[in-house]
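Take a look at the structure below.
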Amino acid sequence: MKLDFSSEKSIYLQIAENIENDILRGAIEEESQLPSTNEMAVIFKINPATAGKGVGLLVDEEIVYKKRGIGMFVAQGAKKQIQKKRRRVFYDNYISTLLFEANSIGITRDELVKMITDGGADNE
Amino acid sequence: MSEIILETKNLTKSYGNVKALDNFNVKFEKDKIYGLLGRNGAGKTTLLNITTSRIFTDSGMVTAFGENAVENGQVLPKICYMPEKDMFMHKMKVREIIKHAGGFYADFDMQYAENLCEKFVLDKNKKYNALSRGYESILRIVIGLASRAPLTIFDEPVLGLDAAVRDIFYTELIEDFTNNPRTFIISTHLIEESADIFEEAIIIKNGQLIEQTACETLKENAHYVSGKAEAVDAAAAGLNVIHTESVASVKICAIYGKVSPEKLRELKAAGLDISPVPVQKLFIYLTEN
């Protein structure tokens, strides 16, 4: 998990996304415990309130839940939940920019489709 | 709002014709880390000196822990102020200075002070006047942290410290804050590297409070908009432009204020380049005359 302090994206958003990425990739299992926000604060040298805000986002989306007196745990079905959420913003976050850039440099829709189908094997 | 630890009301202080503080109103809450930012001469040190009774205000009030703070014996042991300049007896040894300082603060933790001396490799047997500039700062850091004072104030704590030691300080600050919460006010010129430690930033300009906001809000609300001059001008109309630069026909504007994601998408779609403003640059623009 790494933070980009110079990024446009707020630190708390990066924390939430990083945790989601770890869940998607299986690096953090469902029902396993997350590091505490205090631990995260010390590791990343950020204010604990920022770490708390990032985790709070995940709690709101029911990706993570609190076990009183113990800590934060990844919810059952969190992976599916994240995939669903990411599908909804996939167009805005990736396709939109892709189409804009392809258009700027004169790549046709057909060329684009070919690139995607070939999976980058032939992109001269 | 959580409990207010320190509050000033209409604080005014002049030195001859110069108003160092001009009707200054600010509130600090319990268990938060604040960054106090301002240009040289903006009034930061005057503010800190007044709130800790080192100098007196011309008018206005300071309340700490719910009571009038001025020379209040109940309140002063709860406040540890480590100023930028010299405050220790030159011929005293570090060990003696720490012991002596410990007597001032109700919650001082001597064991923690010892641990910190080891962490920072501070020689307790050295006399104060034999310390390098960096170690003078380290001594202040040790006392400030070990004071465990509910209100702990550092004025330029990392002067003369190399990057590695500054790193140790920030880590130690956050770690101790999470284990023993208290209110920290840290005045610093090293904005870029400390901005993420602070929960809130307080910006002073010409003796006035110009901004008090969560650090991430500062970042979220600042954008560079760049592109062809006409396009930038059109986009920036109605927005709060805090800085402009031109290179040939390319114009770059820094805008400050809440901008919706839709508006940002709109600007990008219009061919403009949107990028984040480093917090140090933002500070420079906001405090420009």
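Readers should treat all values here as calculations from the given coordinates under stated rules, not as data from a laboratory. Remember, predicted model here, so these are calculated numbers, not experimental data. For neighbour counting, all protein chains shown are included, and Cβ atoms are generated from backbone atoms with ideal geometry for every residue, glycine included.
Computing Rg and the Kirkwood Rh from the Cα coordinates of the stretch B:221-286 gives a ratio, Rg/Rh, of 0.93. Amide H contacts under 5 Å for B:LEU6: B:PHE28, B:PHE65, restricted to partners 5 or more places along the chain or on a different chain, H placed in the peptide plane at 1.01 Å from N.
Farthest towards the positive end of the charge dipole of chain B, among the residues B:TYR170, B:GLY35, B:THR63, is the Cα of B:THR63, using unit charges on the Cβ of Lys, Arg, Asp and Glu.
As a test, work out the antiparallel percent of DSSP beta bridges whose residues both lie in the protein assembly as shown, rounded to the nearest 5. Of all bridge pairs located within the protein assembly as shown, approximately 70 percent are antiparallel. When trypsin sites (Lys or Arg not before Pro) are flagged only if DSSP places them in a loop and at most 16 other Cβ atoms lie within 10 Å, the longest unflagged stretch of chain A comes out as A:69-124. Taking every C-alpha pair closer than 8 Å and separated by at least 6 residues, the mean separation divided by the residue count of chain A gives a relative contact order of 21 percent.
Across q = 0.13, 0.28 Å⁻¹, the stretch A:11-76 modelled as identical point scatterers on its alpha-carbon atoms has Debye log10 I(q)/I(0) values of -0.30, -1.39, in the order of the q list. Count Lys and Arg as plus one, Asp and Glu as minus one, and take only other residues whose Cβ is under 15 Å from that of B:HIS223; the net charge is then +1. The simple Förster model, with R0 at 45 Å and r as the Cβ-Cβ distance, assigns A:ASN103 and B:GLN208 a FRET efficiency of 0.40. Of the cross-linked pairs A:LYS84/B:LYS228; B:LYS32/B:LYS281; A:LYS45/B:LYS124; B:LYS9/B:LYS78, which ones have a Cα-Cα span greater than 32 Å in the structure shown? The pairs that break the limit, which is 32 Å between Cα atoms, are A:LYS84/B:LYS228.
Here the stretch B:1-125 has an Rg and Dmax of 16.7, 48 Å, counting Cα atoms alone. Which value, to two decimals, describes the C-alpha radius of gyration of the stretch B:4-214 once divided by 2.2 N^0.38 Å? Ratio of Cα Rg to 2.2 N^0.38 Å: 0.98. How big is D for the protein assembly as shown, in µm² s⁻¹ as a whole number, if Stokes-Einstein is applied with the Kirkwood radius of its Cα pairs at 10 °C and 1.306 mPa s? Answer from the Stokes-Einstein relation: 65 µm²/s.
At an R0 of 45 angstrom, the distance between the Cβ atoms of A:ILE116 and B:GLU175 translates into a FRET efficiency of 0.40.
The GluC sites (Glu not before Pro) of the stretch B:86-174 include none that meets both criteria, a DSSP state outside H, G, I, E and B (loop) and at most 10 other C-beta atoms within 10 angstrom of the site's C-beta.
When the trypsin sites (Lys or Arg not before Pro) in the stretch B:78-172 are filtered for DSSP coil states and for at most 11 other beta-carbon atoms within 10 Å of their beta-carbon, the remaining sites are B:LYS85, B:LYS91.
Computed as a quarter of the hull surface, the mean projected area of the alpha carbon convex hull for chain A stands at 9.7 nm². 3J(HN,Hα) couplings calculated from phi for the stretch B:103-113 with the Karplus curve 6.51 cos²θ - 1.76 cosθ + 1.60 (θ = phi - 60°) are, in sequence order, x, 7, 10, 4, 9, 3, 10, 5, 4, 5, 4 Hz; Gly and Pro show x. The relative contact order of the stretch B:1-142 comes to 19 percent, based on Cα pairs under 8 Å that sit 6 or more residues apart. A helix-only calculation puts the protein assembly as shown at -11500 deg cm²/dmol for mean residue ellipticity at 222 nm, using -39500 (n - 2.57) for each DSSP H run of at least four residues, averaged over all residues. Taking Cα centre as origin and charging only the Cβ of basic (Lys, Arg, +1) and acidic (Asp, Glu, -1) residues, the dipole magnitude of the protein assembly as shown rounds to 900 debye. Charge dipole of the stretch A:11-76 (Cα centre as origin; +1 on each Lys and Arg Cβ, -1 on each Asp and Glu Cβ, all else neutral): 340 debye, rounded to the nearest 20. In chain B, Cα pairs under 8 Å separated by at least six residues give a relative contact order of 20 percent.
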